[in-house]
Amino acid sequence: MRAKLHFYLTDKNNKFARMIDGFIYLIILITVFDHGLQTMESMEKYHVILDDWELVPIVLFSIEYILRVYAAPNRLKYIFSFWGILDSVALIPYYFGLPADLREIRVLRFISIFKYDPAIVNIGKAFNDIKKELIIFSILTVFLLYVAAVGIYHFENPAQPENFADIFHSMWWAVATLTTVGYGDIYPITVGGKIFSSIIVFISLGVVAVPAGLIASAFSGIFKNKE
């Protein structure tokens, strides 16, 4: 029974499995559209009906998730797998009483459309090959963010205490600068702050460029192996 259920829920070549996935995606689309309608003033008189619809996807997603857990050959492995967590995303906000806006993260389940695509396998292999390097650069980035926040706080707090009230407030400037977004809502006005910012920008360009090069190299290696 479990084996048959697992086959009908997961086999990519099975018409029934594709129909189930298609139905689930349709429900997600309707739910997202439903939430969008609730933000319109003209639809205020229908809010009760739109709110009641919320129970329909929750019941369907709950049944589907229970069946997938039941049918999985290794239940714990499925629950804590990427796809298992993605399936639970549709349920967690509702059962934990989170705001309705957060329930829209269920749209992430659309990612599972690509779970059987060979391209996803290649992406997974590429990131797996360079995961240690990415972890190192992630740690380095966090460290650099903190250093940038501390530095700009030291230079700018005396001149702009309202914008750089403390190191954690300064962290927003560090994020905007290291990502080279530069929103311009807060910026240095002191000489020391400007010099420090220039140094941080040049460093951040290197930190961002290296992971991009690693990822490109990993993909190139996978394509060569396939050939």
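Residue by residue through region 6-15, note down the ones that are farther than 14 Å from ARG68 by Cβ and without any contact (Cβ under 8 Å) to a residue 60 or more places away in the chain.
Within region 6-15, the subset farther than 14 Å from ARG68 by Cβ is 12-15.
Answer for region 6-15, where residues must be farther than 14 Å from ARG68 by Cβ and without any contact (Cβ under 8 Å) to a residue 60 or more places away in the chain: ASN13, ASN14, LYS15.
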How about region 1-78: which helices (runs of 4 or more DSSP H) wholly inside it have at least 2 residues that are of a type in the set (Phe, Trp, Tyr) and modelled with pLDDT of 85 or more?
-> 55-71
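Of these, ALA174, ALA218, ALA149, which one is at pLDDT below 90, assigned to a helix (DSSP H, G or I) and either hydrophobic (A, V, I, L, M, F, W, C) or at negative phi (or both)? Steps first, answer last, please.
Working: ALA174 fails: at pLDDT below 90; ALA149 fails: at pLDDT below 90.
None of the other options fit; the residue is ALA218.
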By residue number, the members of region 150-176 that are among the small types (Gly, Ala, Ser) and under 19 Å from ILE203 (Cα atoms) are GLY151, SER170, ALA174, ALA176
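The values are calculated or read from the model by the stated rules, or taken from the named source; none is laboratory data. What you are looking at is a predicted structure, and each value in this text was computed from that prediction instead of being measured. Neighbour counts are summed over all protein chains in view; Cβ atoms, including those assigned to glycine, are modelled from backbone coordinates with ideal geometry.
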